[in-house]
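The values are calculated or read from the model by the stated rules, or taken from the named source; none is laboratory data. Predicted, not measured: the structure shown is a model, and the values here were computed from it. With ideal geometry, Cβ positions are generated from the backbone for all residues, glycine too; neighbour counts draw on all protein chains shown. Calculation scope for accessible area: heavy atoms of the full protein, side chains included, ligands and nucleic acids excluded. Shrake-Rupley method; radii C 1.70, N 1.55, O 1.52, S 1.80 Å.
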Amino acid sequence: MGVYTIVTDYVPGAFAKQFADKSFDVDGMDISGLVQLAKHEKVDGVLVGVADTLIKSYFHVCDALGVPCYASQLLVDTFTQKDTFKQTCEKYGIQGIPQYNLDATMNPDAMKKVVYPVLVKPVDNCSGTGMSICQNEEELKAGIQKALHNSIGKRFLVERYMTCDDMFVYYTFKDGKYYLSAIADRFTTKEQGNASPVCLGAAYPSKYRDLYFEKMHDNMCRMFKATGVKNGVMLIQAFVENNEFYVYDPGFRLQGEAPHLLINSANCFDQREMLIRYALTGSMGDVNLEDMNDSLFHGKAAGSLWILLNAGTISSIEGMEDLKSDKEIIHIVQRMAEGDKVTPEMLGRERQVFARIYIVCNNKEAYKKKIHELQSQIKIYDAGGQNMDLKGFNPDMAWSK
């Protein structure tokens, strides 16, 4: 787009820095350091990265600089704190996952009321960080300590562990109007013990699209309006059980999962470009979402395939070399190479993702066939010749109720 770009990240070798005009090692949580850097470099706009913990910094940095920001203090509080989000949802008829009222004191009487399994998670982190599946009281106590350790505000939630269907909705906001740009079913791994389930892939559009519009969309829009959402993007995940939605985990930002790639391919508008324009001008641009936005992807079937790895060191990779010439594959994000190591600490988090492959097909059967082909084709081995990739999801389950 011709914009002079500065990237800052506390990691010295952060991947995006190699594409920037200039880069710095200022931590994204260091608000005063970011403001000082931005003033010194005379920046005209600020764009936030793909972590909930950065939204607060984004708001305060923009506020100090007097540049456009799609967030407000209320929106930061509502959509980056899982407990506040849950309370806000309830006001507008949007139910969250059933939870237990526990705190760091782990009151014995309250602990006795817990029915297992449960999921423990910090209220202010993402990507599986600090989450644990707990099967008994001993695991719950350990899970609470883990969540507290990974919570900035030292707060956590203990929720019923859901084993039903998982899905998400992804909105584009423009000038106070709300567009559902994508809705998909998620498939997660269940073979990693007490670690948080990590996504294995997604299928667009969701089999629950019509039900979502019937039961949830209007309530969501009322919540967005009441909290003052006007511009930006937001992904919200939900479980579906007996045709009831149980909402969790908002993401008021671009997503690491990158649904914007599929939206751009199917609907021909790029949320990233819109957010860059907003950061520089205060306007999401002249994209005509009334005509271009379609959560049904104009009849296409799309999805993402995630390749997850077990712990070990990558010795060889098979099946990735010919993917770029495949017309049904629109994008590939390969995050690891031969010689890279997956540590036990990375399991149960998105850090164990070797690659994400984005697919757009003419119909659902073609999508299922493509996933089967890729799962058979791609193999990652360690030095002992053991297959490191986890078992993938069954694409034949996509769109099946």
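Ignoring ligands, DNA and RNA, what percent of the 1.4 Å accessible area of the chain is carbon and sulfur?
Heavy-atom surface of the chain belonging to carbon and sulfur, 1.4 Å probe: 48 percent.
Taking Rh as the Kirkwood radius computed over C-alpha pairs, what is the Stokes-Einstein D of the range 87-232 at 37 °C in a medium of viscosity 0.692 mPa s, expressed in µm² per second?
Working: Rh = 17.1 Å.
Rounded, D is 192 µm²/s.
Please say if the range 261-310 is rounded, prolate or oblate, where rounded means a/c under 1.5 for a ≥ b ≥ c the square roots of the C-alpha gyration tensor eigenvalues, and otherwise the choice is prolate for a/b larger than b/c and oblate otherwise? Kindly include the intermediate steps, with their values, before the conclusion.
Working: a/c = 4.67, a/b = 1.44, b/c = 3.24.
The shape class here is oblate.
Which cross-chain or sequence-distant (5 or more) residues have an amide H under 5 Å from the amide H of Ser181, H modelled 1.01 Å from N in plane?
Answer set, sorted by chain and number: Tyr170, Tyr171, Thr172.
Taking only Cα atoms and a 10 Å spring cutoff, compute GNM fluctuations for the chain and point out the largest among Val35, Val120, Val46.
The residue with the greatest mean-square fluctuation here is Val35.
Using Cα pairs under 8 angstrom and six or more residues apart, how large is the relative contact order of the chain, in percent? Walk me through the intermediate numbers first.
On the way: 772 pairs, mean separation 58.3, N = 401.
Here the relative contact order equals 15 percent.
Can you tell me the relative contact order of the range 31-114? Whole percent, Cα pairs under 8 Å, sequence separation 6 or more. Write down the numbers at each step before the final one.
On the way: 53 pairs, mean separation 16.0, N = 84.
For the range 31-114, the relative contact order is 19 percent.
Would you mind giving the three semi-axes, in whole Å and largest first, of the ellipsoid equivalent to the range 1-144 according to its Cα gyration tensor? The partial results should precede the final answer.
Details: eigenvalues 289, 67, 30 Å².
One finds semi-axes of 38, 18, 12 Å for the range 1-144.
If amide hydrogens are placed 1.01 Å from N in the peptide plane, which non-local residues have theirs closer than 5 Å to the one on Phe354?
Hits under the 5 Å cutoff: Ile307, Leu308, Leu309.
First check a/c for the range 259-382, with a ≥ b ≥ c the square roots of the eigenvalues of its C-alpha gyration tensor; if it is under 1.5, answer rounded, and if not, answer prolate when a/b is larger than b/c or oblate otherwise. Numbers along the way, then the final one.
Details: a/c = 2.83, a/b = 1.57, b/c = 1.80.
Taking the square roots of the gyration eigenvalues as a ≥ b ≥ c, the range 259-382 is oblate.
Any of Lys39/Lys121; Lys121/Lys230; Lys190/Lys364; Lys215/Lys401; Lys91/Lys121; Lys154/Lys177 with alpha carbons more than 27 Å apart? Name them for me. Mind dumping the intermediate values first?
On the way: Lys39/Lys121 37 Å; Lys121/Lys230 29 Å; Lys190/Lys364 25 Å; Lys215/Lys401 18 Å; Lys91/Lys121 22 Å; Lys154/Lys177 35 Å.
Exceeds cut-off: Lys39/Lys121; Lys121/Lys230; Lys154/Lys177.
What order, most packed first, do the peptides 207-219, 102-114 have when packing is the mean number of other Cβ atoms within 10 Å of each residue?
Values: 207-219: 16.2, 102-114: 11.6.
Highest mean packing first, the order is 207-219, 102-114.
What list of ³J(HN,Hα) couplings, whole Hz, do you get for the range 85-100 from phi and the Karplus terms 6.51, -1.76, 1.60, once you set θ to phi - 60° and write x for glycine and proline?
Working through the residues one at a time gives 4, 4, 5, 5, 4, 4, 5, 10, x, 10, 8, x, 6, x, 9, 10 Hz.
When each pair of different Cα atoms in the range 1-67 is counted once in the 1/r mean, what is the Kirkwood radius in angstroms, to one decimal? Write out the running numbers ahead of the final one.
Numbers: mean 1/r = 0.0823 Å⁻¹.
Evaluated over the range 1-67, this radius sits at 12.1 Å.
Rounded, prolate or oblate: pick one for the range 323-401, where a ≥ b ≥ c are the square roots of the eigenvalues of its C-alpha gyration tensor, a/c under 1.5 means rounded, and failing that, prolate if a/b is larger than b/c, else oblate. Present the calculation step by step, with values, prior to reporting the outcome.
Numbers: a/c = 2.07, a/b = 1.70, b/c = 1.22.
Prolate.
Go through the range 367-377 residue by residue and turn each phi into a ³J(HN,Hα) via Karplus (6.51, -1.76, 1.60, θ = phi - 60°); whole Hz please, and just put x for glycine and proline.
Taking θ as phi minus 60°, the curve returns 5, 4, 4, 5, 4, 4, 4, 5, 5, 6, 7 Hz for the range 367-377.
What accessible surface, in Å², does a 1.4 Å probe find on His60, ignoring ligands, DNA and RNA and rounding to the nearest 10?
Number for this one is 60 Å².
Kindly write out, for the range 152-157 in residue order, the coupling ³J(HN,Hα) from the Karplus curve 6.51 cos²θ - 1.76 cosθ + 1.60 (θ = phi - 60°), rounded to whole Hz, with x marking Gly and Pro.
In residue order, the calculated couplings are 5, x, 6, 9, 8, 10 Hz.
Translational D (Stokes-Einstein, µm²/s) of the range 150-300 at 10 °C and 1.306 mPa s when Rh comes from the Kirkwood sum over C-alpha pairs? Provide the component values of the computation, followed by the final result.
Numbers: Rh = 16.6 Å.
Estimated via Stokes-Einstein, D reaches 96 µm²/s.
Which of the trypsin sites (Lys or Arg not before Pro) found in the range 6-56 are loop residues per DSSP with 16 or fewer other Cβ atoms within 10 Å of their Cβ? Each step should come with its number before you reach the end.
Details: sites: Lys17, Lys22, Lys39, Lys42, Lys56; in loops: Lys42.
Loop-located and lightly packed - Lys42.
Could you work out [θ]222 nm for the chain from helices alone, using -39500 (n - 2.57) per DSSP H run of at least four and dividing by all its residues? Round to the nearest 500 deg cm²/dmol. Write down the numbers at each step before the final one.
Working: 12 runs with 116 residues, N = 401.
Helix contribution divided over all residues of the chain: -8500 deg cm²/dmol.
Of all alpha-carbon pairs in the chain, indicate the percentage at a distance above 31 angstrom.
Values: 31934 of 80200 pairs.
Result for the distance tail: 40 percent.
Compute the accessible area per residue over the chain, keeping the other protein chains in place, probe 1.4 Å, unit Å². Present the calculation step by step, with values, prior to reporting the outcome.
Values: 18450 Å² over 401 residues.
Dividing the accessible area of the chain by its residue count gives 46 Å².
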